[in-house]
Every structure is written in structure tokens, then in C-alpha cells.
Amino acid sequence: MSTRLEGRAASPGVALAPAFVIRSDHGADARAATADDGAARDPAHERSRAEEALEQTEDRLSELADEMREQLGDEADIFLAHADFAGDPEVLDRVRATTAEGASAEAAVTQAFDSFRALLAASEDEYLAGRATDIDDVRDQVLDVLAGRDVAPVPLERSVVVAHELTPSQTAKLPRELIAAVVCEAGSPTSHAAILSRALGIPAVVGVAGLLDAIGEDALIAVDGREGAVRIAPDESEQADIRARVEEDLRRKERLTELRNEPGRTADGRHIELAANVGGPGDLVAAKEHGAEGSGLVRTEFLFQEAQDEPTIDEQVAFYREVLAAFPGQRVVFRTMDVGADKPLPFITRDPEENPALGVRGLRLGLLRPELLTNQLRALLRARAPDSTDQGRLAIMFPLVSTSDEVRKARAALDRAAAVEQTTLDGIEVGIMVEVPSAALAAHRIAPLVDFFSVGTNDLLQYLFAADRLVAELADLPDAADPDVLRLLGQVIEVAHEHGAWVGVCGEAAADLVVAAALVGLGVDELSMTPTAIPEVKDTLRRLDRDALAKLSAEAITADSATDVRALVERAFA
């Protein structure tokens, strides 16, 4: 008899395959390590073991980031952040102190990471408070090194991976060709493992209560990553139904591939530019493979975060030219470096901040460190070949803008950079990210100063709802489909168009089919997203009429909730 379980949709797609159950013993390892047996040990030897394990884990995670960058693009930075955890001086200090007291390397590592975890959980900064799972992941990898566990279990045939909760490193290390889907008992759609599943195109359902108790090894399991449904041991009729859906899914993917070189448009021919978010060189191949019309967001901060010394202008130019060359004739929007106290630059000494999300970051840092901003702007201008048809069209975007005065200062910095480079700004579009509520409210003041707005929904929602999207308990609160959020975005679009500026959206909401349709109805000009999401958005919009969407969006902003908005818009997909 089949069993149906409900969870939360984390990555779209359907699958039918045997279950491959991962039952982690790391929790027992950590508890055993903490309950030290009190045996006499050589403190120097245990300290050395722990130090070597931490260093080896840091190196492994850095290598994993490099290995996964081509597949994941900027999402591979998750592993760089994990490498930083393994190499954190505070963790090392705690390990040394604990081993000096006679603890084993395992106990010292466990206690250090768990104390660090407790500090994060108690932090007033929502982002840091939500990173407990990441801390556990790094701790467990260090324990693996200490235990000599080098090979993680992998399925021998195409399977649905089942676990209490997959860590980012487990997700990345699983062989993609053998993973039909991922189902987890815990977790949220905003967890790093869920984000990686979407980036890899793996159907996923999370938060499935009672999953491990209900399933056995090799049990046949059907997964619906769009509905968040899981069926264990489906009967023959149910199997036939899911196989038919799998076949339809494959045919749909083939159809999407055929649309790769077609422009983004609605059924009535209105052009909607569908661009790719680029976080590094690895994203360029994926962007072209999935039919991106340029890039609406090139994240440049990785150049600075991975360097021990400030990158030279020539070093920056090399990357900027590589990106421009990938999109000949298409618009390429470079965001100036967006870093804060939570992502410190190795070559700048800064005081820590209790709340980095509200601190000196983005354009604020650039204005306080004008030499950094000026050098980056000079590099962007130098990378451009104005008369070349082999390059993309340069656009420059400033992040975390709060006021019109900041925009004036940023444009003045750009003018100075152009003067030093002895070039003009002809043909270059200049814009800002709308991610701070004050910028949205001041759109009428800022629009005359720019060529475009690009709405960063990830941060805008965080600030509007005072809720970090990566905190599982708050994951459902910040929703771009909220009628008041749509109303605000509609006002920004209207003001921008009145002043001749175009509007794009470059947050995760751009890949949300419901939100994307509503935004097109509100008049948005461009949607920029992770490359793998482009085909499905393109296919959806080509089946919808722009005028009908405009009426739908007008109705949506009068709805009572995001749930009502989603139900309203989804009816248009039928």
C-alpha cells in the first residue's frame, strides 16, 4: 500500500526511482566526542591532529568551490564561506585551549564548533543566526578527517536521495547523473542544500515529517518537486501516472532547449529581456547554454574577496573583458563590489559590526573608501571597447543605495574615473539596485539621475519584512507575491518609465513563475536570474498575453495575501 507524505517544494521536477537513504551518524560522533572518556592524552599530539584536520578541511572546501563553480556559478561561494569557518582563528584558539586541558582532538573540535554555533544562534543578526546547519556541516567534515572517513556513501544506480537533512557539501558531492531527486525530513526551500538542488536542476522536497520512519532502503519513491509531494511504494496506477509525467517533463525540457536562442517575449510579442545573474566565470557557459540575453547582474565582489591584496586595475579588466566578450551586442550590468562586515576584505582592516546587513556595505563602503570605488570604475571603463561589435554593452550599477544624494556622489566618482581614463561615458548605462525601502520610496527623486533601476528582491524583502529569508522559521514571511510588495514595485516601475528609465528585477523572485508573470503585468522590462531558470520563465511568458497580465496584476495588488495572489496568477497558467 502506498503512502503519501507532504513537504515543501524546494526544486521543481518529478521523479520515480528507488530510495537511497543516508542515515548520518555524525550526531552520535559529536555526542560521543563531547562525552570525553577522560583518558590521559598528549595535549600536543591532540592539538596537532585537530590543527591538521581543520587545515585539511579548509583546503578541501576551497577545492570543492573551484570544482563546482562551473556547475553552480556564484552558488559555489557557499563552500568558500564554509572554508572560512574551518579556518576561523577563533575556532582554532578554542581547539588549542581545549586540547591543552587534556581533551581529544574530536572533543575539542566538537566543542569549538558547537560553541561557535551557539554564538551564531544567539546573534541579533538574522543571517548569522540562520547559519547553524552550515556550522554543523563543517564540523562533521572535520570529524570525518579525524576518523579517516574519506569516501561518502553514493548510490550505485539512479536513485532518490533520502535524508534527515542534506548538507551543502553532501549535495554537491553526490554524482549528478545518479540523482533523480532529493527528499529531506528537515530543511527549508531557502536552505543552502535546496538552493544547490535548484542550481543543479535536481527535483527536491524538504520538510517531509515522518519521512525516515516511513521509508525503507530501496523502496520505490515518487517525488513531485513542484507540489512538495512524496509517495512511497506507489501502486501500478500511480507509477504509470508519474512515469507519464516524467516523460512529459523530458519533452518539455527538449522544447525549452529549442527555445534557447529565441528572445524573451509574451504571447502578443512584447519583448521582455531575460538575462542571467553572473557570479564568476563559471556562470558564463551556463548563461549562453540556457539562452540568456546578456546579464542583468554581474557580481564583482569575488575578485576582491579572494585576493589578499587589492586587485590591480589590470587584474579587474581581464575579468570584465571576459564577461563582455561572452555577450556580444547584449547588455551586461556590472554591479560594483557589494561587500560588508559579514564578508570582510582581507586587505582592509575594519571594526566588526553587530548588524552587517545595516552597516557599511555596498556603495556606502565605496564612498568611504573612494580609491577602491574609483579603481573599479576605471577598470570597468578600460575594459570597454566602444566601437567593438564583439563585446557586450557596458552598464554600471551601484548597490545598496538609500538616497538620491548617494547617487549623485556615485555619478561624480564615475565622472572622475572617466576623466582619469580620458574617456567618455557615451553609450554606458548607469543605474542602481533598488533593495533598500528608502530607495523605492525615493524613486521619483532618483529616476532622473539614472538610466535604470534593478530591483534586488532578496534584500528588499528582507528589509521590508525585517526577516532573513535564510532563517527557516521565517522562510514564508518575505514573499515577493505579497500584494503590497507588488504595489510598491508597480509604483517604482511607473516612476522610472515616466523619466525614461527601464526597470529590471535581479533577485530570486525573477525566477518565480508567478512573480515573474505579475511583474511583467506591472510593466517590468527585464528579468535576470540564475541561468538554469531562464528556459522555464521564457516558455511561461511566451504563453501569456501582456495586456491580460496587466489586468491580472491590477487585481493582484488588491488581494488580501500572497497566497491569494499566487492562486490568482496560477489560474492564468491553466
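Residues 489, 373, arranged from fewest to most other Cβ atoms within 10 angstrom of their Cβ, appear as 373, 489. In this simple spin-label model, placing a label point 7 Å from the Cα along the Cα-to-Cβ direction at both residue 539 and residue 551 gives a separation of 2.7 nm. If you count the DSSP beta bridges with both ends in the chain, what percent of them are antiparallel, to the nearest 5? Counting DSSP beta bridges with both partners in the chain, the antiparallel share is about 30 percent. How high is the FRET efficiency between residue 261 and residue 173 when r is their beta carbon distance and R₀ equals 41 Å, given to the nearest 0.05? My answer for the efficiency is 0.75. Looking at the chain, identify the longest residue range that excludes and avoids all trypsin sites (Lys or Arg not before Pro) in DSSP loops having at most 11 other Cβ atoms within 10 Å. Between exposed loop sites, the widest span is 24-542.
By the rule of a C-alpha distance below 22 Å, with chain neighbours fewer than 8 residues away ignored, the lysines paired with residue 551 are 538.
In a shell of Cβ-Cβ distance under 13 Å around residue 559, excluding residue 559 itself, what net charge do Lys and Arg (+1) and Asp and Glu (-1) give?
In short, -4.
In terms of surrounding Cβ atoms within a 10 Å radius of their Cβ, 349, 532, 558 rank from fewest to most as 349, 558, 532. Our estimate of slack between residue 149 and residue 416, defined as 0.36 nm per intervening residue step minus the Cα-Cα distance, is 90.5 nm. Extending 7 Å from the Cα toward the beta-carbon at both residue 52 and residue 314 defines two label points whose distance is 4.2 nm. Dividing the mean sequence gap of close Cα pairs (under 8 Å, 6+ apart) by how many residues the range 405-493 holds gives a relative contact order of 23 percent. In the chain, Cα pairs under 8 Å separated by at least six residues give a relative contact order of 15 percent.
Under a plain spin-label model, where a point goes 7 Å from the Cα along Cα-to-Cβ, how far apart in nm are residue 6 and residue 241? Placing both labels 7 Å along Cα→Cβ, they lie 1.6 nm apart. Legend: calculated FRET efficiency, residue 289 to residue 249, from the Cβ-Cβ distance at R0 = 25 Å, rounded to 0.05, equals 0.85.
For the pair residue 350 and residue 306, the difference between a 0.36 nm per residue extended length and the Cα-Cα distance amounts to 14.1 nm. Calculated FRET efficiency, residue 560 and residue 227, Cβ-Cβ r, R0 30 Å, to nearest 0.05? Efficiency, rounded to the nearest 0.05: 0.80.
Within straight-line reach of residue 173, meaning a Cα separation under 29 Å, sit the following lysines at least 8 residues removed in sequence or on another chain: 253, 288, 343.
What relative contact order, as a whole-number percentage, does the range 170-259 give when Cα pairs under 8 Å and 6 or more residues apart are counted? That works out to 21 percent.
Working ranking of peptides 272-282, 497-507 by packing, defined as the average number of other Cβ atoms within 10 Å per residue, highest first, is 272-282, 497-507.
The order of 534, 348, 195, going from fewest to most other C-beta atoms within 10 Å of their C-beta, is 348, 195, 534.
For n ≥ 4 DSSP H runs only, could you compute -39500 (n - 2.57) per run for the chain, divide by its residues and tell me the 222 nm figure to the nearest 500? After summing the helix terms and dividing by residue count, I get -15000 deg cm²/dmol. Segment residue 364..residue 487, full-extension length gain: 41.5 nm, with 0.36 nm per residue of separation and the alpha-carbon distance subtracted.
Values quoted throughout were computed directly from the atomic coordinates according to the rules given, and no laboratory measurement underlies them. The model shown is predicted, which means the values in this text are computed figures rather than measured ones. Glycine gets a Cβ as well: all are built from the backbone with ideal geometry, and neighbour counts include every protein chain shown.
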